[in-house]
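Asker: Here it is, the structure, as structure tokens.
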Amino acid sequence: FRVTALNEGGESFPTPTVAVRTPPSGERPSLLIVDGFDRLDQTALVPQWESPALGTARRMFLERMNRYDYAVEHGLALSACGLAFDGATDEAVRAGEVALSDYAVVDWFVGEDSTAESALNDIERALLTGYLDHGGRLLISGAEIGYDLVENGRDPAFFRDYLRADYLGDDANTYDFGGTAGGPFSGLAGRFDDGSGDTYEVGYPDRLAARNGSSLVLSYTGGTADGAAVAYRGDYRLVYLGFPLETVTD
């Protein structure tokens, strides 16, 4: 679902798309998708070859910069597993209109949100802290979470203590990843969008290492060959990916 406004001047841009799938038996869904990807700035402009005279220009193709509908990719994947879910924007969660504590599982994606928008702001980190302290299950993904929280100093302690990761750097220099031996994704090989796919280019995926009892479950293939995702199972459960999950091309 999305909403636009109409008046004599025309029609507004739409709100972000929110996805929902109702359970067959009428009970409340136990899973929540949170869309936290708000970024739309010049760094996302799309390079396009124009001519020998103009060379390569950077164009404002909004649908290739941020379509504001990536909840659809997450929703289709969950639907394929037969799972019902609710959907919300991060603004609705921050405002208290949607409570994380109502859900057994939260799938929170931040895309390429970084320092200007904050990948996870103060209110969001506090809400996630409370959710995990009470045994929540969190799937979180984004290319700049470590860059924002650690390299730019917003909250290294949250990154270390709750996302259970060490930040190794800002760019893996590859678009390929694979499952680590013995982990839940062992044998998996995949690729995220290099700009030629249906979502958006992931320019600088975070490089991760396991910390505080977590395990490395995905590694980048080629490039720096560092960790791409960590998982933790203890007083709460966590899978944290250093690239946006919705950009996986297969």
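The values are calculated or read from the model by the stated rules, or taken from the named source; none is laboratory data. These numbers come from a predicted model, not from an experiment. All Cβ positions, glycine included, derive from the backbone under ideal geometry; neighbour counts span all protein chains shown. For accessibility, only protein heavy atoms count, side chains too; no ligands or nucleic acids. Shrake-Rupley method; radii C 1.70, N 1.55, O 1.52, S 1.80 Å.
Asker: Leaving out ligands, DNA and RNA, what percent of the accessible area of the chain is carbon and sulfur, probe 1.4 Å?
Answerer: 52 percent
Asker: Quick one: grab the alpha carbon gyration tensor of segment 1-43, order the square roots of its eigenvalues as a ≥ b ≥ c, and give me rounded if a/c is under 1.5, else prolate or oblate depending on whether a/b is larger than b/c.
Answerer: oblate
Asker: Hey, for a label at residue 215 modelled as a point 7 Å past Cα toward Cβ, could you say which residues of segment 221-237 have their backbone N under 18 Å away?
Answerer: Output list for this probe position: 227-237.
Asker: Let me ask something additional. List, in order, the whole-Hz ³J(HN,Hα) value for each residue of segment 202-207 obtained from phi through the Karplus relation with A = 6.51, B = -1.76, C = 1.60 and θ = phi - 60°; use x for Gly and Pro.
Answerer: Rounded to whole hertz, the list is 9, x, 9, x, 5, 9.
Asker: I've got another one for you. Per-residue accessible area for residue 117 at 1.4 Å probe radius, Å² rounded to 10?
Answerer: Here the residue's solvent-accessible area equals roughly 60 Å².
Asker: With labels modelled as points extended 7 Å from the Cα through the Cβ direction, what inter-label distance (nm, one decimal) is found for residue 54 paired with residue 102?
Answerer: Rounded to a tenth, the inter-label distance reads 4.9 nm.
Asker: Would you tell me the accessible area of residue 86, worked out with a 1.4 angstrom probe on the heavy atoms of the protein chains, in Å² to the nearest 10?
Answerer: For residue 86, solvent-accessible area is about 30 Å².
Asker: For segment 189-250, what is the largest minus smallest coordinate of the Cα atoms on each principal axis, given in angstrom and ordered from greatest to least?
Answerer: Extents along the principal axes: 39, 23, 19 Å.
Asker: Using a 1.4 angstrom probe on the protein heavy atoms only, line up 91, 73 by accessible area, largest first.
Answerer: 91, 73
Asker: Rg to Rh for the chain: what is it, with Cα atoms only and Rh by Kirkwood?
Answerer: Rg/Rh: 0.97.
Asker: Simple spin-label model, 7 Å along Cα-to-Cβ: residue 157 to residue 237 in nm?
Answerer: With each label placed 7 Å out from Cα toward Cβ, I get 2.9 nm.
Asker: With N residues in segment 116-250, what two-decimal value do you get for its Cα radius of gyration over 2.2 N^0.38 Å?
Answerer: Compared with the compact-globule rule of thumb, segment 116-250 sits at 0.99.
Asker: Let me ask something additional. Using only helices, what value at 222 nm comes out for the chain when you add -39,500 (n - 2.57) per DSSP H run of length 4 or more and divide by the total residues, to the nearest 500 deg cm²/dmol?
Answerer: Helices in the chain give a 222 nm mean residue ellipticity of -4000 deg cm²/dmol.
Asker: What's the magnitude of the charge dipole for segment 168-225 around its Cα centre, counting Lys and Arg as +1 and Asp and Glu as -1 at the beta-carbon? Answer in Debye, nearest 20.
Answerer: 380 debye
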